[in-house]
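Asker: Below: one structure in structure tokens.
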Amino acid sequence: MKITILTCTYKLFMRDAQIEALSRQTFKDIEWIIVDDCYEENKGIHASFPLIHIPPSEVTPYCNLATCANDGLVRASGKYVFFMNDYVIPQPECLARHWQVQERMKGCLLSGRDLAVEGIPAMVDGEKVMLKDYRMALFDSQTIPCKQLDDGLIEIGRDGVMNWWAGRNDSAPLEAIFECNGFEEGWNGRWGGQDTDMAHRLMTYGLKYYLDRNSTCLEFEHPRGNKKSVRTEQEQQALEGVFIKPRIAGGAWKANTDWLVMLPRDLKGEREQWKA
């Protein structure tokens, strides 16, 4: 398998649209792994491509996105992982472009265009709709320093790596993700932070970050706040000083291995056990 698409979801509310979008991809060597909090309600999903549909290892009343993503990564077999939130629709050439750039760069942190659609129109292709690409705008305006390369690529340093969002047209090599031991589960309890943490650790591990103008996903309005939070937004942001800054300073890239996590995980070991 060349690309694993990973989706963590609470409602899978765009299921049929996402199945259609993945079926229309010009790049066909894919699998879709869905880690679904509402697994029992959604059982029996079928597609024309390999699909793994599983519940998370633990269903919690609070957001546990990092754990769900790690559960899915253990089952992944792609060379690269394309992260797809349940409100994102990749355009037909999207995965082919990710494969092309990832192979050219021999593995990297990669993000493409993420066009926010106001509402859910009956049609997108061929229609004039208002689209906003907040991530690209940061670099077009030079708000964050970057280097323009050929073929629509932009190279971005540590100052902008937090814009790798792990779900809105983003990918990374599976091997590097395992070397970093997946997403830091200490971020569980509220949404946000786990993807920035992963991006910084992957960069410390040695990957470069690129933004691609020639890869496009559409982002639709979606439900928020389905689960309780155990922290305020300010408390969640303060975890940067607990997880991200000390690891950058120490040159560390592994997650889920120290006293900060009550139940450390070994994703490589779990994967070997699952495969056996």
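Asker: Listing I33, I54 from the residue with the fewest other Cβ atoms within 10 Å to the one with the most, what is the order?
Answerer: I54, I33
Asker: Right, here's the next one. So which GluC sites (Glu not before Pro) in the stretch 128-233 pass both tests, a DSSP loop state and at most 12 other Cβ atoms within 10 Å of the Cβ?
Answerer: Passing both the DSSP loop test and the Cβ count: E221.
Asker: What percent antiparallel are the DSSP beta bridges of the stretch 1-96, to the nearest 5? Each step should come with its number before you reach the end.
Answerer: Numbers: 0 of 15 bridges.
Beta bridges within the stretch 1-96, antiparallel portion: roughly 0 percent.
Asker: For the stretch 150-276, with only Lys/Arg (+1) and Asp/Glu (-1) charged at the beta-carbon, what is the dipole magnitude about the Cα centre, in debye rounded to 20?
Answerer: I would put it at about 420 debye.
Asker: Determine, from the Cβ-Cβ distance of K208 and D140 and an R0 of 22 Å, the FRET efficiency 1/(1 + (r/R0)^6), rounded to the nearest 0.05.
Answerer: 0.65
Asker: Also, I was wondering about something else. Cysteines of the chain lacking any other cysteine beta carbon under 4.7 Å?
Answerer: Cys with no partner Cβ under 4.7 Å: C38, C63, C94, C108, C146, C180, C217.
Asker: I've got another one for you. Which of the trypsin sites (Lys or Arg not before Pro) found in the stretch 45-111 are in a DSSP loop and have at most 11 neighbouring Cβ atoms, other than their own, within 10 Å? Please report the intermediate quantities before stating the final value.
Answerer: Working: sites: R75, K79, R97, R104, K106; in loops: K79, K106.
Answer in residue order: K106.
Asker: Counting DSSP beta bridges with both partners in the stretch 3-275, what percentage is antiparallel, nearest 5?
Answerer: Details: 19 of 43 bridges.
If we restrict to bridges inside the stretch 3-275, about 45 percent are antiparallel.
Asker: Which stretch or stretches of the stretch 206-220 have amide N atoms under 13 Å from the point lying 7 Å from E155's Cα along the Cα→Cβ direction?
Answerer: Residues passing the 13 Å test: 207-211.
Read the figures in this text as sums done on the coordinates, not as results from a lab. Keep in mind that what you see is a predicted model, and the values were worked out from it rather than measured. Heads up, the Cβs are rebuilt from the backbone with ideal geometry, glycines too, and the neighbour counts pull from every protein chain shown.
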